[in-house]
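The values are calculated or read from the model by the stated rules, or taken from the named source; none is laboratory data. What you are looking at is a predicted structure, and each value in this text was computed from that prediction instead of being measured. Heads up, the Cβs are rebuilt from the backbone with ideal geometry, glycines too, and the neighbour counts pull from every protein chain shown. Side chains are part of the model used for accessible areas, which takes the heavy atoms of the whole protein and leaves out ligands, DNA and RNA. Shrake-Rupley method; radii C 1.70, N 1.55, O 1.52, S 1.80 Å.
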Amino acid sequence: MTTTVLDSVTLFRRDMTHALRFPMMTISGIGTASFFLLLFVGVFGDALGADFLPGDGGHYVDYIAPGIILMAAGTGTAATAIKVNQDMQEGFIARLRTMSIARMSVLTGQVVGSLVRTILSVVLVVGVALALGFRPSATPLEYLAALGVFAMLTFALTWIAVAFGLATKTVAGANSLSLILQFLPLISSAFLPTDSMPAGVAWFAEHQPYTPIIETLRGLLMGSGIGASAWWAIGWCAVLATVGFFWSRALYNRPRGA
Amino acid sequence: MTAIEVSGLRKAYGKHTVLDGIDLHVAEGSVFSLLGPNGAGKTTTVEILTTLQAPDAGRIVVGGHDLARDPQGVRGAIGVTGQFSAVDNILSGRKNLQLMADLRHMGKRAGRARVAELLERFDLVEAAGRPASTYSGGMRRRLDLAMTLVGTPRIIFLDEPTTGLDPRSRHTMWQSIRELVAAGTTIFLTTQYLEEADQLADRIALLNGGVLVAEGTPAELKRLVPGGHVRLQFSDPARLDVAAARFADGTRDDDALTLDVPGDGGVSSLRTLLDRLAHERVEPDGLAVHTPDLDDVFLALTATAPAPIKEKVR
């Protein structure tokens, strides 16, 4: 167990060196979310918000910010999938597999690295949101819970991204597959309440993983009702993380060329 | 002492059999070379012996550890330098080595000393701070081998370590391999360069179509093929006809206009041949002495893939 931690830390440090070497890959993840924030608040804000926000009391940015923050968790996954895929293609993972090291440390180091990078990156999105007038009403405890929700989703998505990186044969493939994680929030309650959507789309938006997670975060930050969303959020994250972890482990131990 | 013991190794991908019952015995401190044409199963063999792939059948002991029961023990005893250098392109040469030292839990001081020593030994001191992506092919291979050596493994697998290298880098690599052998390391080498096997290997096994078609020392293998010959070159078919009629034991090639006359290439047999040519009034345009080398062995034993002759030389 101690060697697992030791080796994971070693490989996490390697991952951090990579992130510092290629800040653009890290920053582009955040950039996407910030761009959507600017687009929806600055360009569409007045038109979209007017439809459903009560009176003139609500700000659209307050509605949309929690969803965009969670979107940042997804946009970081491209870098993760790409890095894992590169390690696989360049034979670096094969080299580590022939060494007497804790087996899963290669992947856990990567996951911890992605988690740290994404949590750091979300600070920027929150900064942009605050500059645009985002005013959360959360208590310190609710902030802590919000951070927990964010970390939970990032952890789950990162394991899925690692599996994507291992499952695809090229960097382009890894990147394309991770787009699912990045753009899934577009058809959720991130930008508009689901009851304003056509029936089919609404059904999908209501039943996809992002919506309850977004509703939970929105409830924590803005004081809107959470209800059963919290349990759905925890459930979805647990399922995604478990699937991602075991899928990654199976792919990692899979013989090369088979 | 035995470093690697393999018996009855089999591997198939679906219906395609890659290894069809391989037996190998590699003595400790020796260089064993696995030769074979592309697709013979060399890399598959290395990947199985280094725990990257699971065999379908067979008993394998590497460094005293049973591969099926104690793969982690095997991993602790071996070092692997694969066909494509697996270095971290983003990290510098020093950081790459440091990473290996950390993963081997060498401790800060010992790790640093080992890294410095290897940088020196592989002539990478000047480039130590640069990202590996800026290295030349030869430097990358040296770094790759240095990374393999960080933990001082007793058994090293080198899968085509000089493929794609220029002659100078190749000789540097050979020198490094010889130094390892001198220090008592066992080397398992696969190569497509027969000269490389001839230069380095104590024993060579020839793999073709998933079975070993020959095994022995380089000298023993060379004795497997017919001896040398003298190649007579002609400029027109008519003169080749004349020569072929005089030298009935020769092998003619009508396209190349050559006649191969058996002979060991020694001075006295060459003199006899020249006397005979003068006597028969056969005047070739050129003459080349060909002594048997591993290329001949390779070509003779791997020419026909199906139904290989199982030959073992002691």
ask   = Roughly how many percent of the accessible protein surface of segment A:2-253 is carbon and sulfur, given a 1.4 Å probe and a whole-percent answer?
value = 73
message = Tell me which of B:S92, B:L206, B:L35 sits at the most positive position along the dipole axis of chain B, charges placed on C-beta atoms (Lys, Arg +1; Asp, Glu -1).
response = B:S92
inquiry  = If I fit a long axis through the Cα atoms of helix B:108-121 and take the longest principal axis of the Cα atoms of chain B, what angle between them do I get, 0 to 90°, rounded to 10?
reply    = 20
request  = Determine, from the Cβ-Cβ distance of A:F35 and B:L287 and an R0 of 60 Å, the FRET efficiency 1/(1 + (r/R0)^6), rounded to the nearest 0.05.
outcome  = 0.20
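How much of the DSSP bridge set in the protein assembly as shown is antiparallel, in percent, rounded to the nearest 5? Please list the in-between numbers first.
Values: 35 of 53 bridges.
Just about 65 percent of them are antiparallel.
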Added length on full extension, which subtracts the Cα-Cα distance from 0.36 nm per residue, B:D254 to B:D123 = 42.0 nm
query = Of all DSSP beta bridges located in chain B, what percent are antiparallel, nearest 5?
reply = 65
Alpha-carbon centroid distance for the pair segment A:117-182 / segment B:39-111, whole angstrom = 35
query = Once label points are set 7 Å from the Cα along Cα→Cβ at both B:T217 and A:L147, what is their separation, rounded to one decimal in nm?
reply = 7.1
inquiry  = Inside 10 Å of the C-beta atoms of B:100-108, what's the mean count of C-beta atoms belonging to other chains?
reply    = 4
key: Accessible surface of A:T170 - all protein chains present, 1.4 Å probe, nearest 10 Å²   = 70
request  = Take each of the peptides B:149-162, A:115-128, B:245-258, average the number of other beta-carbon atoms within 10 Å over its residues, and list them starting from the highest.
outcome  = B:149-162, A:115-128, B:245-258
ask   = Roughly how much accessible area, to the nearest 100 Å², goes out of reach of solvent when B and A pair up, both sides summed, probe 1.4 Å?
value = 2500
note = Set B:K15/B:K222; A:K83/B:K42; B:K11/B:K95; A:K169/B:K15; A:K169/B:K11; A:K83/B:K108, cut-off 32 Å on Cα-Cα distance; pairs above it are B:K15/B:K222; B:K11/B:K95
query = Once the dipole of the protein assembly as shown is set up with Lys and Arg at +1 and Asp and Glu at -1 on Cβ about the Cα centre, which of A:L6, B:M147, B:W174 lies farthest towards its positive end?
reply = A:L6
query = What's the average, rounded to a whole number, of partner chain beta-carbon atoms within 10 Å of each residue's beta-carbon in B:87-95?
reply = 4
remark   = Loop-resident trypsin sites (Lys or Arg not before Pro) in segment B:1-107 with no more than 13 other Cβ atoms inside 10 Å, DSSP not H/G/I/E/B, are B:K15, B:R69
query = Using the per-residue mean of other Cβ atoms lying within 10 Å as a proxy for protection, in what order, highest first, do the peptides A:69-77, B:277-285 fall?
reply = A:69-77, B:277-285
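Averaged per residue, what accessible area in Å² does the protein assembly as shown show with a 1.4 Å probe, protein chains only?
45
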task = Over the whole of B:49-62, what's the average partner chain Cβ count within 10 Å per residue? Rounded to a whole number, please.
result = 2
Accessible carbon and sulfur surface of segment B:2-222 relative to its total accessible area, %, 1.4 Å = 50
query = 222 nm [θ] for chain A, helices only, -39500 (n - 2.57) per DSSP H run of 4+, per residue, to 500?
reply = -25000 deg cm²/dmol
task = Please list the non-local residues whose amide H lies under 5 Å from the amide H of B:I204, H modeled 1.01 Å from N, same-chain partners needing a gap of 5 or more.
result = B:S33, B:G216, B:T217
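Starting from the Cα gyration tensor of segment B:10-80, take the square roots of the eigenvalues, sort them a ≥ b ≥ c, and report rounded, prolate or oblate (rounded when a/c is under 1.5, otherwise prolate if a/b is larger than b/c, else oblate).
Oblate.
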